[in-house]
Amino acid sequence: MPRTWPDPGSTRIPYWIYTDQDIFDLEMERIFCGSSWAYVGLSAELLEPGSFITTNIGDRPVIICRNGDGELRGFVNRCAHRGIKFCRHRSGQTKRFTCPYHQWTYDLNGDLKGVPFMRGVNGQGGMPEDFDLGANGLQQLKVIAHNGVLFASFDLNMTEFTTYLGESNRYYFERVCDGRELRLLGHSRQLIRGNWKLMFENIKDPYHASLLHVFLVTFGLFRADQQSQVKMDRTGGHGLLISRKGEQKATDATQDIENLREDFKLKDPRLLDPVKEFKDSATVVMQTLWPNLIVQQQSNTIAMRQVQPRDPSSFILAWTFFGYADDDEAMTIRRLRQANLMSASGLVSCDDSEVIKLAQDGINSDIDGYALFEMGGRDTEDTEHMVTETAIRAFYKHYRAVMDL
Ligand SMILES: [Fe+2]
């Protein structure tokens, strides 16, 4: 640093944004701890007063809980005394949080309620007379629930969530999270050895799925010639891939695919077995919400993928699979069976984690190089096909504005 972005604009992405620690630190400050709504969990994970979950917004550990009145609260999981990440449980139920080191105790609003030996022992030691418990609480977050999904912001004056989403992203968000009670089906977490932005590039580039993911192509779930749209919000930070499964015959859209085998059949076709359940004809909708969420609907698997950057070259991808409280048993089993395509060992998404690591391995060895994004042109418009990198260009247009690069 300072670094200069190469010309011409968003079709060239310099490799130093994937490797530089100063850039990473600035991303945490401006993107994750700035004016954004970060996904933190589902309401279904916080049903009772006193229930809490811990997660990360960027590399910052946070706690989201319901206080005694059932209201949502969020604060940084870092003791105001000496910086200890005091809560070590993924989830639980409690009346208070106590730091293990010197037992500073906080209530469910994040307010400091107790400091051992505050008045000293036998008249000796202790905190100064004017030490104010009220001024030493945990760093607060703003937390909201929208149709059963929890978002938090470090910006206490953050704009309304629906305004933040924009019109088309709100439509597709509410297509899946439509206000029905969500049922948590399970979590899975994986460490991916690549920069966090590579995950968004992966989802914002729909056509890779028709080449890399042999499973999808072979069994007819996703092809480059199916009717598709790529849409962005006005900032470019959020994006949508909307696609409809069509006829599965060999065409010129498949002749470039090295590994396509039309004669393959699944021994147990129930692994796929999709049923129509949403109000439109899309069979896959992948929504990327700035800065840390992928809302996935692939057939009947619905999941949140939360991106938690750790350092320039690794991130945690935390998956939350869910359905609806009114699903019948058969639908729940169908969702779980189809979930075999996803997460760390998924028949499809294991390919993504592998190529993301391979990308980072290549990038690390050439920090003066750059990636090329010219598929589908050089602009950042919405398209009615998927053979494009437009959503990646739009993402980096927004990224550069927020990062001032
Ligand atoms: Fe993929």
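Name the residues in the stretch 81-110 that are over 28 Å from the mean Cα position of the chain (by Cα) and hydrophobic (A, V, I, L, M, F, W, C), would you? Across the stretch 81-110, the qualifying residues are 99, 104.
If you check residue 336 against the conditions, is it open to solvent by 40 Å² or more (accessible area, probe 1.4 Å), more than 15 Å from the ligand (Cβ to nearest atom) and within 19 Å of residue 5 (Cα to Cα)?
Here the answer is no, as residue 336 does not meet what is asked.
Determine, yes or no, whether residue 151 is open to solvent by 10 Å² or more (accessible area, probe 1.4 Å), of a type outside the set (Val, Ile, Thr) and more than 15 Å from the ligand (Cβ to nearest atom). Here the answer is no, as residue 151 does not meet what is asked. Filtered by the rule that a residue be in contact with a Phe, Trp or Tyr (Cβ under 7 Å, 6 or more places away or on another chain) and within 13 Å of residue 144 (Cα to Cα), the stretch 65-85 gives a lone residue, 65. Using the structure shown, decide if residue 115 is assigned by TED's automatic domain parsing to the domain that holds residue 50 and open to solvent by less than 30 Å² (accessible area, probe 1.4 Å). In short, yes. What about residue 346, is it open to solvent by less than 10 Å² (accessible area, probe 1.4 Å) and outside any strand (DSSP E or B)? Spelling it out, residue 346 is indeed open to solvent by less than 10 Å² (accessible area, probe 1.4 Å) and outside any strand (DSSP E or B). Scan the stretch 84-96 residue by residue and report those that are closer than 20 Å to residue 134 by Cβ and free of Cβ contacts under 8 Å to residues at least 40 places away in the same chain. Listed by number, the residues that qualify are 86, 96. Scan the stretch 362-400 for residues that are free of Cβ contacts under 8 Å to residues at least 24 places away in the same chain and open to solvent by 70 Å² or more (accessible area, probe 1.4 Å) and the total you get is 3. Is there a residue being under 26 Å from residue 61 (Cβ atoms) and without any contact (Cβ under 8 Å) to a residue 24 or more places away in the chain anywhere in the stretch 134-148? Looking through the stretch 134-148, at least one residue is under 26 Å from residue 61 (Cβ atoms) and without any contact (Cβ under 8 Å) to a residue 24 or more places away in the chain.
Going through (1) over 15 Å from residue 295 (Cβ atoms); (2) open to solvent by less than 10 Å² (accessible area, probe 1.4 Å); (3) in contact with a Gly (Cβ under 9 Å, 6 or more places away or on another chain) one by one, residue 177 falls short only on (1). The single condition among (1) open to solvent by 10 Å² or more (accessible area, probe 1.4 Å); (2) touching a helix residue (DSSP H, G or I) at 6+ places or on another chain (Cβ under 8 Å); (3) within 16 Å of the ligand (Cβ to nearest atom) that residue 184 does not meet is (3). Checking 368, 351, 361, 379 one by one, the residue that is over 20 Å from residue 282 (Cβ atoms), within 16 Å of the ligand (Cβ to nearest atom), of a type in the set (Asp, Glu) and not in a strand (DSSP E or B) is 351 and no other.
Mind counting the residues in the stretch 189-199 that are open to solvent by less than 10 Å² (accessible area, probe 1.4 Å) and either modelled with pLDDT under 95 or away from the ligand (no atom under 12 Å from the Cβ) (or both)?
Residues in the stretch 189-199 being open to solvent by less than 10 Å² (accessible area, probe 1.4 Å) and either modelled with pLDDT under 95 or away from the ligand (no atom under 12 Å from the Cβ) (or both): 5 in total.
The values are calculated or read from the model by the stated rules, or taken from the named source; none is laboratory data. All values reported here derive from a predicted model rather than from experimental measurement. All Cβ positions, even for glycine, are placed from backbone atoms using ideal geometry, and neighbour counts span all protein chains on display. When the accessible area is computed, the model is the full protein with side chains, heavy atoms only, and any ligands, DNA or RNA have been set aside. Shrake-Rupley method; radii C 1.70, N 1.55, O 1.52, S 1.80 Å.
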